[in-house]
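Colleague: Submitted below is the structure of interest, expressed as C-alpha cells.
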Amino acid sequence: MRHVLHGEWTKLRTLPSTGWLLLALAVSTVLVGAATTGAVDTSHCPAPAGCLEDTTRLSLTGVRLGQAAAVVFAVLAIGGEYGTGMIQITLAAVPHRPRVLLAKAAVVAAGVLAAGTLGVLGSLAAGRALLPGNGFTAANGYPPPSLADGPTLRAAAGTVLYLVLVALLALGVGAVLRDTAASVTVVLTLLYVFPVITRFVTDPDWHERLDRIAPMTAGLAIQTTIRGAGPPIGPWTGLGVLAAYAAAALLAGGCVLAARDAN
C-alpha cells in the first residue's frame, strides 16, 4: 500500500492543476469569507447586541465557493486518468482495484486537508480583523472568533472535514462516471442546486426534511455556534449526513471500478 500511495501522490503532485486548485481552494475561502464579513455590520439591528449574528459561521462563509475547487481537484485525480488512458497503466500495475481507489482517496484527502486548513485559519484571522470595525465587539456581546472557544474550534475543524468529505464524494462520483465534466457537474448540482430546490417546497415539514438531507446544508451545520442560527439538524449529525453521501459514492465507485475495469 505504501508504494501505491507513493505512486498516486507522485501523479497528483506532478499535475500542473494540483497546486493551482489547492491554492484556489484556500484563497477563495479566505477572500469570500472576508468580503462577506466586511459587508455585514450592526447598523441594521435595533441594538448592536440584538443582531444575533453567528460571527464564526459568517467568517467561514467562503467555504461555499472554495468547495468547488475541492470538487474539481478530486474529480481530476481519477477523471484525468480516464481521459488520457493512463488508468489502464495504473490498473495493470495495481490489479487490486479497491486499493487504487483507497490510495487516491488518501492523497486527495491529504491535499484538501492541508489547503482547507489554511483557508479556514485565514478566514478566522480575517474575521478577527474585520468584525470589530463593523460593531461586532466583545462589548456588544461578540467576542472575536478564537480557537480557544469550543464551538469555534468545532466549527473550524468541522469545516475542514466538510471540505475533505466533499472531495471524497467527488472522487467517488468520478470513479462511477469516468468523465471529468459530467462528474463535476453532478457534484456541484448536488451541492448548490439541492438547497435551491428546497426553497420552492412550501410544506414546512418537507422543507425541513429536505434541509436535513441536502449535503451542503446539512454538512455546513457544523459551522453553527449559536442556537437557532442554523439548519434544523445538529452540527455533527449534519456532517454525518455528508459523510454518508461520501461513503456511498466511494463504495459505488469501488464497485464500478472493480466490475467495469476488471481484467
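The values are calculated or read from the model by the stated rules, or taken from the named source; none is laboratory data. The model shown is predicted, which means the values in this text are computed figures rather than measured ones. For neighbour counting, all protein chains shown are included, and Cβ atoms are generated from backbone atoms with ideal geometry for every residue, glycine included. Accessible surface areas use protein heavy atoms only, side chains included; no ligands, DNA or RNA. Shrake-Rupley method; radii C 1.70, N 1.55, O 1.52, S 1.80 Å.
Colleague: Could you please let me know if L113 is under 25 Å from the mean Cα position of the chain (by Cα) and closer than 17 Å to R13 by Cα?
Modeller: Against the criterion (under 25 Å from the mean Cα position of the chain (by Cα) and closer than 17 Å to R13 by Cα), L113 qualifies.
Colleague: Taking segment 180-206 as the search range and keeping residues that are part of a helix (DSSP H, G or I), at pLDDT below 90 and of a type in the set (A, V, I, L, M), which one is most open to solvent (accessible area, probe 1.4 Å)?
Modeller: Selected residue: I197.
Colleague: Pick from R227, R209: which is open to solvent by 40 Å² or more (accessible area, probe 1.4 Å), assigned to a helix (DSSP H, G or I) and either out of contact with any Pro (no Cβ under 7 Å at 6 or more places or on another chain) or among the aliphatic types (A, V, I, L, M) (or both)?
Modeller: So the residue among R227, R209 that is open to solvent by 40 Å² or more (accessible area, probe 1.4 Å), assigned to a helix (DSSP H, G or I) and either out of contact with any Pro (no Cβ under 7 Å at 6 or more places or on another chain) or among the aliphatic types (A, V, I, L, M) (or both) is R209.
Colleague: Give the residue, chosen from I78, I87, that is open to solvent by less than 20 Å² (accessible area, probe 1.4 Å), more than 15 Å from the chain's Cα centre (by Cα) and over 24 Å from A24 (Cβ atoms).
Modeller: None of the other options fit; the residue is I87.
Colleague: Among S43, S17, S28, which is open to solvent by 30 Å² or more (accessible area, probe 1.4 Å), assigned to a helix (DSSP H, G or I) and not basic (K, R)?
Modeller: Just one listed residue meets the conditions, S17.
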